[in-house]
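Below is one structure, written out as structure tokens, with a few remarks after it.
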Amino acid sequence: MISLMLFPFIACLILSGIYVYFGTHIVKRELIFVDLALAQIAVLGSLVPNLFGWENVSIISYGLSILFIGLGSWVFSSVDLKKFHIHQEAFIGIIYVISAACSILMVSKSTAEAESIKEMLVGNILFISVTEVLILGGLCTCIGVFHYLFRNNFNQLTLSYGTNRGVPRSKKWDFLFYISFGLVVTYSVKMAGILLIFSFLIIPAIAAQIFCKIFNTRASSLLIAWTLSFLGSVLGIYVSAQFDLPTGASIVTTLGLVFFIVLTVGQLTYTPKD
């Protein structure tokens, strides 16, 4: 069991580390569904070769996923919806729905339609190879270093979505945020699936916010989110191996369990200060 789950476990730690970081920014921006939209755009790009019968040409699929992610990142960072008084989350939802519908149309002619849709949602992380783990680790390390070096720019950008709404945002740094996030999504969506990506991105970040409120702590919410994500991942992988259940869905469920435990404790113990 240890040898079977070792690489999925390492992959989950890597994915958890990078997605929880992005999640803290996205939650503060109140753009919760941007990851779903970008993940679905990446899937859509990877499915385009199916139209020409090139279902197994991975290089072309990956290249088109990057191209689609680049276009999506440009759209999200450049379209100014404030002039129409439209919330960006609504726009993101529209992009997601259209991308999902197009993806379903593309796999509808596939010989393994049900399997393609299942892989799109929950991935196939149980069968990840050592090469894929190494590439994933290298990619996430490079993006993590890039965000650390320019953390002040990204923090200021995220702040402009919150307390400083109305302050002009840098479209360049907005694009760099989305495209760097999109590169991780592009590579990991087939192995992890959209549901696991969304869970890593959002659940630990929100659970950490609740945790900080409950205990009135000044500890880094990012470190708390990483810890909660780690616990949920370990528990999910154990449940998956012990009961022979799908790994991705098991991790999503245990992350949800961790979230509701924190939420329940908060409901029973926390009293907001006036």
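Laboratory data are not the source of any read-out in this text; all were calculated from the coordinates shown. Being a predicted model, the structure only gives us computed values, none of them experimental. FYI the Cβ positions are ideal-geometry reconstructions off the backbone, even for glycines, and counts take in every protein chain you see.
Rg and Dmax over the alpha-carbon atoms of the chain stand at 18.8, 62 Å. Taking a ≥ b ≥ c as the square roots of the eigenvalues of the alpha carbon gyration tensor, the stretch 213-259 is prolate, as a/c is not under 1.5 and a/b beats b/c.
Annotated for the stretch 2-269: lysine pairs at least 8 residues apart or interchain, Cα distance under 25 Å, count 12. The ranking of T264, T186 by Cβ neighbour count inside 10 Å, starting from the fewest, reads T264, T186.
Using the Cβ of I197 as centre and a radius below 12 Å, the other residues enclosed give a net charge of 0, where K and R count +1 and D and E count -1. Neighbour counts of other Cβ atoms within 10 Å put M191, M106, M5 in the fewest-to-most order M5, M106, M191.
Rounded, prolate or oblate: which fits the stretch 141-274, taking a ≥ b ≥ c as square roots of the Cα gyration tensor eigenvalues, rounded meaning a/c under 1.5, else prolate when a/b beats b/c? It would help to have the intermediate numbers written out before the result.
Working: a/c = 2.45, a/b = 1.18, b/c = 2.08.
Taking the square roots of the gyration eigenvalues as a ≥ b ≥ c, the stretch 141-274 is oblate.
To the nearest 500 deg cm²/dmol, what mean residue ellipticity at 222 nm is calculated for the chain from DSSP H runs of n ≥ 4 alone, each contributing -39,500 (n - 2.57), summed and divided by the residues? Working shown, then result.
Values: 11 runs with 214 residues, N = 274.
Calculated at 222 nm, the ellipticity per residue is -27000 deg cm²/dmol.
Residues S65, S170, arranged from fewest to most other Cβ atoms within 10 angstrom of their Cβ, appear as S170, S65.
Between L121 and I98, the FRET efficiency from the beta-carbon distance, with R0 = 30 Å, is close to 0.95. Screening the chain for DSSP H helices whose Cα atoms reach 24 Å or more along their own axis and whose mean Kyte hydropathy is at least 0.0 gives 2-29, 58-78, 88-107, 130-149, 171-192, 194-215, 221-243, 247-269.
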